[in-house]
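**Q** Dropping the structure in here first, questions after.
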Amino acid sequence: MKEKGKETTVSCVECRAEHPLEEFYSQRQAITDVESGVTEIGLLCPDCGRWVHAFYQTPHTKRLAASITRAKYLMNKNRTERSLKAYRRAVQKYQEAFDELQARLRIKVGMVSPTETLGRMVVDIPKVDD
Ligand SMILES: [Zn+2]
């Protein structure tokens, strides 16, 4: 992934086609393992349809992500040192949990195509802003 000014482009591991991240995003799919509650977010190449792993999330990391949104709102509203610290804390907590989860699961699945290694349900998820 590389930055081109404001636009981030992603090149496909399969066909090498480059597309703005936005385009991959519109093709994204989530695969949820019902048993563990782990959702894998992946992007599909607009050219060849190759699945590209993006990241994992769990109800826990989703909650932490939501707490960032709340903290950000309060920070913008109150503009105090305290709300700024609370926001930074929320971001840090999320990043730690997120990194830990990615590291743990990528080792577990050996980073081979997760669609083949784990029996999961493919669901379409709505696009979210962050
Ligand atoms: Zn491709």
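**Q** Could you check the stretch 49-130 for helices (runs of 4 or more DSSP H) lying wholly inside it with 2 or more residues that are at pLDDT 90 or above and hydrophobic (A, V, I, L, M, F, W, C)?
**A** 59-78, 81-109
**Q** I want to confirm something. Restricting to the stretch 1-32 and keeping residues that are over 18 Å from the mean Cα position of the chain (by Cα) and modelled with pLDDT under 65, which single residue is nearest to the ligand (Cβ to nearest atom)?
**A** Lys4
**Q** Looking at (1) at negative phi; (2) of a type outside the set (Ser, Thr, Tyr); (3) away from the ligand (no atom under 16 Å from the Cβ), which is the only condition Leu43 fails?
**A** (3)
**Q** Could you grab the pairs with beta carbons closer than 7 Å, sequence gap of 6+ or different chains, first residue in the stretch 7-23 and touching a residue at least 12 places away in the same chain (Cβ under 8 Å) and closer than 13 Å to Gly42 by Cα, second one in a loop (DSSP other than H, G, I, E, B) and more than 9 Å from the ligand (Cβ to nearest atom)?
**A** Listed by first residue and then by second, the contacts come to Val10/Met1.
The values are calculated or read from the model by the stated rules, or taken from the named source; none is laboratory data. Since we're looking at a predicted model, the values are computed, not measured. Ideal geometry is used to build each Cβ from the backbone, glycine not excepted, and the neighbour counts take in all protein chains shown.
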